[in-house]
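Notes follow the structure.
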Amino acid sequence: MFPVVMPTYARADVAFERGEGAYLWSSDGRRFLDFGSGVAVTALGHCHPRLVAALREQAGKLWHTSNMYRIPGQERVAAKLVERTFADTAFFCNSGAEAVECCLKMVRKYHDATGNPGRYRVICATGAFHGRTLATIAAGGQEKHLKGFDPVVDGFDHVPYGNLNALRAAIGPETAAILVEPVQGEGGIVAGDPDYLRRLRATADEYGLLLVFDEVQTGIGRTGRLFAHEHAGVAPDVMAVAKGLGGGFPVGACLATAKAAQAMVAGSHGSTFGGNPLAMAVAETVLEVVLEPGFLAEVERIGTALRAGLDRLQAAFPAAIEEVRGTGLMLGLKCRMANTDLMARLLANGLLTVAAGDNVVRILPPLIVREAEIEEGLDILSRTLSQVTP
Ligand SMILES: *Cc1c(COP(=O)(O)O)cnc(C)c1O
């Protein structure tokens, strides 16, 4: 019989029934240290008391009204994001792919409205990931995601990530925007050089292109700043946010300058569920916690400690680990053994991680992770690596 749940995922054979902070408990009673955070989503860990309280309170008041009416929670979350970023305005949706989709539509709409309707092409990077809708798999450009889904949505050109000359050479009269992740996540924790990101800004300005950053994975404190592009001191015109924003409640946002969003008027875009009161109650609380004085500095500090521990492991087990990558609490182990083998053994030893491209194991602890949990994670890694190396 065909599985009742469509078998689109290669799932590990474990189910969780409870979570608290950095830990999960499976239905067969085992405890796991969660250094995957549901792919960088549970930024405040599992069942953070303030998120539970915010969701409970909102659940007893109002769930959904639709975007036919004002939603005060959207106004508060948008104001918070605008206050802390380059953006003047935010559109709320339910996922990362939808956030990127809004960015892509805005890019076309902007050029259409400013007298350049022929400019619609977006230059993207090889190794990118932007979601699984038809347009976002085209933007990602990965063969494994595109195969069988022809025709590919038109309008995306790919150049090697980090190569400014190749990017400049790809600009043509139809080019509308540049879309990159400041740190490629699914692609294997590949950090864009700050200078590369700054030159993308200058290039976009030189050619009248919009610069779009996909911060779906890197955003909301993951790299030790609210958004990863802050490390480089550049700002995009448009940005996609999701994953950490809801701490586990599905929510996404597209942020933009007033200039980039000038044509996004009534009727131009929409979502039934986007930014509903439940999602906004949680997102508002996530932002309150992440923006508390000292929170991001602590992410940076503990990320540095974890990174140092991983570097020590790499030095001790060079036959299994080639390199440590990343920044803040967005770290990756480039493996010499199969990343999926290492992950399966880590899981058996009680540590959850996430696979990425380029044979990388992603280490994405919740942002509230404590020193003792970092030590425990490093112990499990060390024990596991000694089991797999002769
Ligand atoms: C996860 C991710 C997406 C897609 O998000 P979904 O919520 O799965 O649609 C888009 N871009 C980046 C960089 C991501 O990491």
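See the values below:
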{"item": "Nonlocal amide H pairs with Asp88, under 5 Å, H built at 1.01 Å", "result": "Ala256, Thr257, Ala258"}
{"item": "Helix axis angle, 72-84 relative to the chain longest principal axis, alpha carbon, degrees", "result": "80 degrees"}
{"item": "Of all DSSP beta bridges in the stretch 143-242, antiparallel share, percent nearest 5", "result": "20 percent"}
{"item": "The stretch 50-290, accessible area per residue, ligands and nucleic acids excluded (1.4 Å, Å²)", "result": "41 Å²"}
{"item": "Tilt relative to the chain, helix 49-59 - C-alpha long axis, 0 to 90 degrees, to 10", "result": "50 degrees"}
{"item": "Fluctuation leader among Ala319, Ala283, Ala260 - the chain, Gaussian network, Cα springs under 10 angstrom", "result": "Ala319"}
{"item": "Order by protection proxy (mean Cβ within 10 Å, highest first), peptides 332-342, 289-299, 5-15", "result": "332-342, 289-299, 5-15"}
{"item": "Share of carbon and sulfur in the accessible heavy-atom surface of the chain [1.4 Å probe, %]", "result": "54 percent"}
{"item": "Proximal aspartates and glutamates to Lys80, defined as alpha-carbon separation beneath 20 angstrom and excluding residues fewer than eight positions away on the same chain", "result": "Asp88, Asp214, Glu215, Glu230, Asp237, Glu284, Glu288, Glu292"}
{"item": "Positive-pole candidate from Leu197, Gly73, Tyr161, dipole of the stretch 50-290, charges at beta carbon", "result": "Gly73"}
{"item": "Cys residues of the chain counted as unpaired, since no other Cys beta-carbon is under 4.7 Å", "result": "Cys47, Cys93, Cys103, Cys124, Cys335"}
{"item": "The chain: antiparallel DSSP beta bridges as a percent of all, rounded to 5", "result": "65 percent"}
{"item": "Among Pro236, Leu347, Ala260 the positive-end extreme of the charge dipole of the stretch 195-349 (Cβ point charges)", "result": "Leu347"}
{"item": "Projected label distance in nm at Ser26 and Ser386, using a 7 Å step from Cα toward the beta-carbon", "result": "2.3 nm"}
{"item": "Net charge dipole size for the stretch 50-290 [Lys, Arg +1 and Asp, Glu -1 on Cβ; Debye, nearest 20]", "result": "400 debye"}
{"item": "Check: the stretch 107-179 dipole with +1 on Lys, Arg Cβ and -1 on Asp, Glu Cβ, in debye", "result": "160 debye"}
{"item": "When each of Lys243/Lys334; Lys109/Lys243; Lys61/Lys109; Lys105/Lys144; Lys109/Lys144 is checked by Cα-Cα distance, pairs over 28 Å", "result": "Lys61/Lys109; Lys109/Lys144"}
{"item": "The stretch 20-69 versus the stretch 200-220: alpha-carbon centroid distance in Å", "result": "31 Å"}
{"item": "Spin-label model distance (nm) - Thr114 vs Arg76, 7 Å beyond Cα toward Cβ", "result": "3.5 nm"}
{"item": "Taking all pairs of distinct alpha-carbon atoms in the stretch 50-290, Kirkwood radius in angstrom", "result": "18.0 Å"}
{"item": "Label-point separation, Ala202 to Lys147 (7 Å along Cα→Cβ), nm", "result": "4.1 nm"}
{"item": "Angle in degrees between helix 277-290 and the longest Cα principal axis of the chain, rounded to the nearest 10", "result": "70 degrees"}
{"item": "Contact order relative to length of the chain, as percent, for alpha carbon pairs under 8 angstrom and 6 or more apart", "result": "23 percent"}
{"item": "FRET efficiency, Asp379 to Tyr9 (Cβ-Cβ, R0 45 Å, nearest 0.05)", "result": "0.95"}
{"item": "Mean Cβ neighbour count within 10 Å, used as a protection proxy, ranking 30-37, 380-387 highest first", "result": "30-37, 380-387"}
{"item": "Cα gyration tensor, the stretch 227-307 - rounded (a/c under 1.5), prolate or oblate", "result": "oblate"}
{"item": "Trp63, Trp25, reordered so the largest accessible area comes first (probe 1.4 Å)", "result": "Trp63, Trp25"}
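The values are calculated or read from the model by the stated rules, or taken from the named source; none is laboratory data. Owing to the predicted nature of the structure, the values given are computational and were not obtained by experimental measurement. So basically every Cβ, Gly included, is an ideal-geometry build from the backbone, and we count neighbours across all protein chains shown. The accessibility values were calculated without ligands, DNA or RNA, using every heavy atom of the protein model including side chains. Shrake-Rupley method; radii C 1.70, N 1.55, O 1.52, S 1.80 Å.
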